[in-house]
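These notes concern the structure reproduced below.
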2 protein chains.
Amino acid sequence: MTGHDNLWMRPERPARGPRPSFSRAALAEAAIRIADAEGLEAISMRRLAADLGAGTMSLYRYVTGKDEVFDLMIDTAVGEYLPEDRRPPDDWAEGLRLLAWQARRTMLRHPWLAPLAAGRPQAGPNSARLTESALGMLDGIGLSVDEMLTLVGAVFAYVHGYIQSELAEAEAMRRLGLTLAQRLARHLSYIQSLIATGNYPMLERMTKEAGREYTAADDRFAYGLDRLLDGIAAGLPPRGETEGPVSPR
Amino acid sequence: MTGHDNLWMRPERPARGPRPSFSRAALAEAAIRIADAEGLEAISMRRLAADLGAGTMSLYRYVTGKDEVFDLMIDTAVGEYLPEDRRPPDDWAEGLRLLAWQARRTMLRHPWLAPLAAGRPQAGPNSARLTESALGMLDGIGLSVDEMLTLVGAVFAYVHGYIQSELAEAEAMRRLGLTLAQRLARHLSYIQSLIATGNYPMLERMTKEAGREYTAADDRFAYGLDRLLDGIAAGLPPRGETEGPVSPR
DNA sequence: GGTAAAGTGAGTACGGCGTACTCAGTTTTT
DNA sequence: AAAAACTGAGTACGCCGTACTCACTTTACC
């Protein structure tokens, strides 16, 4: 036990011995490439090692197990939330909105990210930069740190939840049949049988009226995000005062 | 191919042949019992069959594969969102709030539910009842069906996202060390090393100021939910008019 | 009441997985 | 020169999902 049981505390280069033949970043990149192309399930230690041109068990010199591979992937991808060149807007709500949209774009580009990140707390360097950035946006508007964390947590909860449902929908369509029509027909016949009982008036309306005005996934995402930010803003203390009507506790 | 490739359309009792020795409901219950006690990973076809006192391959008479086991579990658990005895409140926001709280309570009782349900669209009978109920709450306030779906989707996105992060936190604490102190120390030493660079002023404040006022997970959940519902309400068309300032498109 | 359908537990098998362990050999720092 | 830490290769264990067969029992229909 060297005392470094945390991935991010462990030095990447050993004190002595030969130079490792690839880097953590390369490992993360290779894993991300596989997951992007073939899904999360395609990642195995054997496959990853093969892609890196390494022996399977050599990976365990870089990483204590598969979980740390996932940690590396997550933190690398989370880095894409934050473009380094642009400074965040002055308005906190604008800043969080921008962050949310960048997060969504990243999670759509890496469909494995949202489901994977949802299940584990994040502690890597890019996650730290993200937290730093988000909290920085809220600095100076009269909130305590605890309140800031509650507020940011609410926004990210929505973002993660929305994107996961968006991805699940897309994934189901991609997997079963190719066409939307096929997929609907599959479930619709069951829903029709429910409607026939007469106990589902709203579902009946749904089958008849839904889809009249097509709402893009972008717009649905924007709707919830903007309502949430509106509601938060309405509850914040007005400028100069320390207590608002509904501040995040 | 009998034509019933949908689990819910397939008759539970065969037209001929002996009575199956257990029911779909019993299968779902057994799986839920395992997952509640030992986590989702503890569920395997072999284990599930053993618990049911059945041969492993006999399960495939009830279900086409493990995925359908999950579908059964999800739909059974989702049934707990909706207590049958109580009628929903007249106010739509009150109704959705209540539903959200019931969903959260159920997902905390079954920690495997949120991660599992997030990844797949739901099409079972209880999911249908849930959709029916949620849409019914929004009936008569001047929204189209598409708008209702967008609105409900936003609320559930938040609920799912929040609970998953809540569960991830709890899980990480349960798994690593038992105490909160241990877990914090593990990551804190890394965060301290970041702070030492001077580039993370907000993280520095966080380590010093966070936790002054303890915010219960319940309160944080309520905060985001209530802000979201507030924001939605503020955007809805006022009574009697058909166009509001920000209606869900 | 016979027949066909659909259930049953048991067993075998295949290919994949994470990961623990060994080994002989090489590279780098002290 | 010595020690540390890397390397690919190989072996092994115990899980997993699920496909397939077998001899059998139970039930519904004609």
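The values are calculated or read from the model by the stated rules, or taken from the named source; none is laboratory data. This one's a predicted model, so the numbers in the text were calculated from it and none came from an experiment. Cβ placement follows ideal geometry from the backbone for every residue including glycine, while neighbour counts extend to all protein chains displayed. In case anyone asks, the SASA skips ligands and DNA or RNA and just uses the protein heavy atoms, side chains included. Shrake-Rupley method; radii C 1.70, N 1.55, O 1.52, S 1.80 Å.
Is it true that some residue in region B:44-60 is within 13 Å of chain A (Cβ to nearest Cβ), within 16 Å of DNA strand D (Cβ to nearest atom), of a type in the set (A, V, I, L, M) and open to solvent by 30 Å² or more (accessible area, probe 1.4 Å)?
Scanning region B:44-60, I find no residue that is within 13 Å of chain A (Cβ to nearest Cβ), within 16 Å of DNA strand D (Cβ to nearest atom), of a type in the set (A, V, I, L, M) and open to solvent by 30 Å² or more (accessible area, probe 1.4 Å), so the answer is no.
Of all residues in region A:215-237, count the ones that are facing another protein chain (nearest Cβ under 8 Å) and open to solvent by 50 Å² or more (accessible area, probe 1.4 Å).
4
Tally up the residues in region A:202-238 that are of a type in the set (D, E, K, R), in contact (Cβ under 8 Å) with a residue 12 or more places away in the chain and within 21 Å of B:ALA134 (Cα to Cα), please.
1
Against the condition over 29 Å from A:MET9 (Cβ atoms), among the hydroxyl-bearing types (Ser, Thr, Tyr) and at pLDDT below 95, how does B:SER144 come out, does it pass?
Here the answer is yes, as B:SER144 does meet what is asked.
Is there a residue being of a type in the set (Phe, Trp, Tyr), closer than 21 Å to A:GLN164 by Cβ and surrounded by fewer than 18 Cβ atoms within 10 Å (Cβ to Cβ) anywhere in region A:107-125?
No: region A:107-125 contains no residue that is of a type in the set (Phe, Trp, Tyr), closer than 21 Å to A:GLN164 by Cβ and surrounded by fewer than 18 Cβ atoms within 10 Å (Cβ to Cβ).
As an exercise: evaluate B:LEU113 against (1) closer than 15 Å to B:ASP75 by Cα; (2) at the interface with another protein chain (Cβ under 10 Å from one of its Cβ atoms) and give the number of the one condition it does not meet.
B:LEU113 satisfies every listed condition except (2).
Does A:ARG13 satisfy the condition of being open to solvent by 40 Å² or more (accessible area, probe 1.4 Å) and more than 14 Å from every other protein chain (Cβ to nearest Cβ)?
So A:ARG13 passes the test.
Go through region B:211-224 and count every residue that is modelled with pLDDT of 85 or more and farther than 15 Å from A:LEU225 by Cβ.
Final tally of qualifying residues: 8.
Report yes if A:LEU40 is away from every other protein chain (no Cβ under 14 Å), open to solvent by 10 Å² or more (accessible area, probe 1.4 Å) and within 16 Å of DNA strand D (Cβ to nearest atom), otherwise no.
no
Just to check your reading of the model, which residue among B:ASP75, B:ASP67 is within 16 Å of DNA strand D (Cβ to nearest atom) and either farther than 22 Å from B:TYR162 by Cα or within 22 Å of the chain's Cα centre (by Cα) (or both)?
After applying the criteria, what remains is B:ASP67.
Of the conditions (1) charged (D, E, K, R); (2) within 16 Å of DNA strand C (Cβ to nearest atom); (3) not in a helix (DSSP H, G or I), B:ASP90 clears all except one; give me its number.
(2)
Does B:GLU80 satisfy the condition of being of a type in the set (Asp, Glu), away from DNA strand C (no atom under 15 Å from the Cβ) and touching a residue at least 24 places away in the same chain (Cβ under 8 Å)?
Yes: the conditions hold for B:GLU80.
With within 20 Å of A:PRO201 (Cβ to Cβ) and part of a helix (DSSP H, G or I) as the only criterion, which of B:ALA128, B:ALA114, B:ALA103 stands out?
It is B:ALA128.
Quick check on B:THR64: is it over 26 Å from B:ALA118 (Cβ atoms) and β-branched (Val, Ile, Thr)?
no
Before we move on, is B:ALA172 assigned to a helix (DSSP H, G or I), modelled with pLDDT under 95, under 22 Å from the mean Cα position of the chain (by Cα) and facing chain A (nearest Cβ under 8 Å)?
yes
Among the residues of region B:16-28, are any of a type in the set (A, V, I, L, M, F, W, C), assigned to a helix (DSSP H, G or I) and within 10 Å of DNA strand D (Cβ to nearest atom)?
Within region B:16-28, none of the residues are of a type in the set (A, V, I, L, M, F, W, C), assigned to a helix (DSSP H, G or I) and within 10 Å of DNA strand D (Cβ to nearest atom).
Keeping to region A:1-60, report how many residues are away from DNA strand C (no atom under 14 Å from the Cβ) and touching a residue at least 60 places away in the same chain (Cβ under 8 Å).
Summing the residues that are away from DNA strand C (no atom under 14 Å from the Cβ) and touching a residue at least 60 places away in the same chain (Cβ under 8 Å) in region A:1-60 gives 4.
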